[in-house]
Each structure stands twice: as C-alpha cells, then as structure tokens.
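Q: Pasting a structure below so you can have a look.
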Amino acid sequence: MAVTVQDPKHLQKLHCVDLRGYSPCPQPLPLVGSGSTAAYCELNKNTRRCHRQQLPMYKSCRLYQTCDHAVLIAGGWQEQVTYPHHAQNLLLFYQMLRQNGFHQDHIKAFFANEGQGSVAVEMGDVHPATEKLAIRSHLALLCRSLHCADSLVLYLNSPAASDGTMLLWDANHNGIADPKERYPISELLADLENCNARRVLLFLDQSYPGPLAKKLRASRHHPNVVLVHSTTSTTTGGSAFAEFWAGLQPDQCLLQYISPVGPWSAVLASGVPAQLLNVTLAGAPCRSVPPLGEAERQRRYEGCQNLPTMLWYQSRHQQLPQEDD
C-alpha cells in the first residue's frame with residue numbers, strides 16, 4: 001500500500017494501468033458508502049460511531065426448535081481488491097443454501113465494509129465484515145446453545161495470510177492487519193470447539209488452507225467439524241469453488257458429491273468418521289429404505305424442526321450447571 005505522508009484517509013496511490021502484452025487490470029467492485037458516518041463500529045462499546053443496529057442474535061435460537069444455520073464471510077481486504085467475483089461467490093453460495101432449505105433469517109452474511117450494493121439487494125440484510133465481534137458472538141451462540149443448530153455451514157471467501165489468518169477488512173485504512181481486522185485460525189477453532197451443532201461444515205474458498213487443515217487433523221475438540229477446500233494450489237481465485245457447490249441439490253449426498261471431483265478435498269478432525277459426510281447438506285440420510293420423498297425430506301430435515309418438549313427440558317437442565325460454573 002502506498003499513501004501520502006500525513007494523509008488522514010490513507011488513500012491508496014498505487015493504480016493499475018493496462019499495457020499491451022499484459023493481462024487487463026481487474027475491475028474492483030463498486031462499493032457505495034453510507035455517508036459521512038464512520039463505517040467501523042465497535043460493538044463492545046457504546047459510542048456514537050455505532051450507527052448500525054447490532055446483529056439480532058437472540059432470534060437465531062428458538063425454544064423447542066432446531067434449525068440449519070449458516071455464516072458467510074467474504075470480500076476483499078480493501079476497496080481496491082474487492083472484485084465482482086467476491087460478490088458473485090457470496091450470492092452463489094447463498095442461493096445454494098436457500099435451495100437446500102436454509103431459512104433466510106438463519107443465513108448471516110458478512111461482506112466487505114459498507115455499501116454492499118447488489119449483494120444486499122439479492123440477500124437482504126448483509127453485515128460488514130468489520131463486525132468481528134458480531135461474527136464470533138454469533139458463532140458462540142450457535143455452538144454453545146444445545147439443539148440450536150443441526151447443520152452449521154460456514155463459507156469463508158476472504159484474503160488470507162500464509163498462516164491461514166483471514167483478513168476481514170482494513171477498517172482504519174492504514175494497510176496493517178490489526179487484531180480487530182483479522183480472524184486467526186486459532187480464534188476460529190476456539191469458536192467451533194466442542195460445538196453443539198450436529199455437524200459443522202466449513203467451506204474454505206480462500207488461500208492457504210494448509211495451516212487450518214493441519215490443526216484440524218490433530219484436534220480432538222472438533223468431533224463434528226469437516227473442512228472442505230481446494231487442493232489445486234495454495235491459492236484460490238475466481239468462482240470455481242462457489243460454482244461447483246452451487247450445483248448441490250437438496251437430495252444429494254455430500255460424500256458422493258465431493259468424491260468424484262479431484263480438486264476438492266475434505267479434512268476431518270482426529271477420530272471423526274467419514275460418515276459425517278454421508279448425509280445431505282441438511283442432514284438427511286443418503287440411502288434410507290424406503291427412500292425419502294421430497295415432502296418428507298423437507299419436513300423432517302430441511303430448515304427447522306420442532307423438538308420434543310421432554311428433549312428440550314432435559315437439555316435445558318444439562319445446560320444450567322454449565323452456565324453456573
């Protein structure tokens with residue numbers, strides 16, 4: 001990043017120029033700001049800069065109900081490196097989730113900074129990726145609450161450092177990844193540790209999946225986490241990964257969908273059986289006898305299902321001692 005000395009806005013001075021014989025310059029995705037109000041909001045402080053409402057996490061887990069949930073994080077590190085394929089990838093994955101029965105209210109998307117443009121039009125409420133505390137708090141709620149999440153899907157499509165750290169957004173425009181602007185894999189794994197979701201499917205569509213895969217293989221605290229990533233190279237770009245998964249149908253088995261295709265790999269934590277993938281995205285069995293009909297699959301597995309009162313009552317009493325500790 002190159003900026004003028006004492007420039008309070010830290011405007012990027014480097015620009016791409018098209019030259020004959022070289023690839024054309026990439027076209028950044030236009031992001032429309034929300035005005036003069038500061039975009040970055042410290043959710044753990046009550047300041048005037050917090051002009052956005054906090055993520056309504058209390059609506060995510062309802063009594064007597066278990067649901068499929070998803071968290072999508074995408075976008076470039078800055079405006080100059082946020083391209084149309086970032087928005088396209090997010091939309092493709094969102095549409096696939098909706099097709100597989102995920103309710104819109106249970107898909108939380110965090111994209112770029114302010115002014116998400118066409119993404120917000122297609123998906124509804126999209127939150128800035130600057131809201132790291134909201135991301136972690138939401139994951140904590142889904143994972144710590146018993147019977148809240150059945151399938152928990154994460155789609156990550158952000159720039160990454162060589163150690164696997166996600167770069168969320170350069171909120172203060174200083175070109176340095178401050179702690180509030182990056183999401184290390186140690187924090188991600190801590191947020192997913194011993195998650196109470198029945199299965200956690202982590203789709204990694206970004207650079208350097210190796211460090212996360214290595215830690216996950218050695219972990220004994222992620223018995224239900226599956227990492228799906230590209231094996232073609234250390235970096236991924238474009239929309240090949242999102243386009244492939246956009247074709248996943250509600251009745252397709254994850255294990256069968258991923259196995260015939262070479263560029264994709266699934267990594268499971270230590271001791272996790274591969275049968276964790278022998279279901280549909282919503283958790284329906286692959287080879288039930290007799291086969292599940294579409295209506296039965298939607299009713300029993302997709303979206304949300306009501307919990308028996310006794311099961312909720314027992315789980316609530318199991319959780320109370322944990323809250324008292």
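Q: Take region 276-293 and flag every residue that is more than 27 Å from the chain's Cα centre (by Cα) and of a type outside the set (A, V, I, L, M, F, W, C).
A: Listed by number, the residues that qualify are ARG287, SER288, PRO290, PRO291, GLY293.
Q: Only one of (1) over 24 Å from LEU97 (Cβ atoms); (2) touching a Pro at 6+ places or on another chain (Cβ under 8 Å) fails for LYS214. Which number is that?
A: (2)
Q: Now for a separate question. Here are some conditions: (1) closer than 25 Å to ILE258 by Cα; (2) surrounded by fewer than 21 Cβ atoms within 10 Å (Cβ to Cβ); (3) modelled with pLDDT under 95; (4) of a type outside the set (Val, Ile, Thr). LEU189 meets all but one. Which one does it not meet?
A: (3)
Q: Something else: Which count do you get for residues in region 194-229 that are in a helix (DSSP H, G or I) and more than 11 Å from VAL272 (Cβ to Cβ)?
A: Counting residues in region 194-229 that are in a helix (DSSP H, G or I) and more than 11 Å from VAL272 (Cβ to Cβ) gives 7.
Q: Kindly list, by first and then second residue, each pair from a residue in region 239-251 that is in contact (Cβ under 8 Å) with a residue 24 or more places away in the chain to a residue that is among the basic types (Lys, Arg), limited to pairs with Cβ atoms under 9 Å and residues at least 6 apart or on different chains.
A: Correct list of pairs: PRO250/ARG297; ASP251/ARG297.
Q: Does region 127-167 hold any residues that are under 16 Å from PHE203 (Cα atoms), at pLDDT below 95 and hydroxyl-bearing (Ser, Thr, Tyr), and which are they?
A: Passing the criteria: only SER158.
Q: Using beta carbons and a limit of 7 Å, which pairs, at least six apart or on different chains, have the first residue in region 59-74 and more than 28 Å from GLN206 (Cβ to Cβ) and the second one crowded, with 18+ Cβ neighbours inside 10 Å and among the charged types (D, E, K, R)?
A: Partner pairs satisfying both residue conditions: THR66/ASP150.
Q: Here's a follow-up. Restricting attention to region 124-151, which residues are closer than 15 Å to LEU188 by Cα, in contact (Cβ under 8 Å) with a residue 60 or more places away in the chain, in contact with a helix residue (DSSP H, G or I) (Cβ under 7 Å, 6 or more places away or on another chain) and surrounded by fewer than 22 Cβ atoms within 10 Å (Cβ to Cβ)?
A: Within region 124-151, SER137, HIS138, LEU141 meet the criteria.
Q: I need the full set of residues from region 129-164 which are out of contact with any Leu (no Cβ under 9 Å at 6 or more places or on another chain) and either of a type in the set (A, V, I, L, M) or under 24 Å from TRP245 (Cα atoms) (or both), in order please.
A: ALA140, LEU141, LEU146, ASP150
Q: Return the only residue of PHE102, PHE110 being in a loop (DSSP other than H, G, I, E, B), under 29 Å from TYR257 (Cα atoms) and out of contact with any Cys (no Cβ under 7 Å at 6 or more places or on another chain).
A: Result of the check over PHE102, PHE110: PHE102.
Q: Restrict the check to region 168-183 and report whether at least one residue is in a loop (DSSP other than H, G, I, E, B), at negative phi and touching a Leu at 6+ places or on another chain (Cβ under 7 Å).
A: Yes.
The values are calculated or read from the model by the stated rules, or taken from the named source; none is laboratory data. These numbers were taken from a predicted model, which means no experiment stands behind them. Positions of Cβ are backbone-derived with ideal geometry, glycine not excepted, and every protein chain shown enters the neighbour counts.
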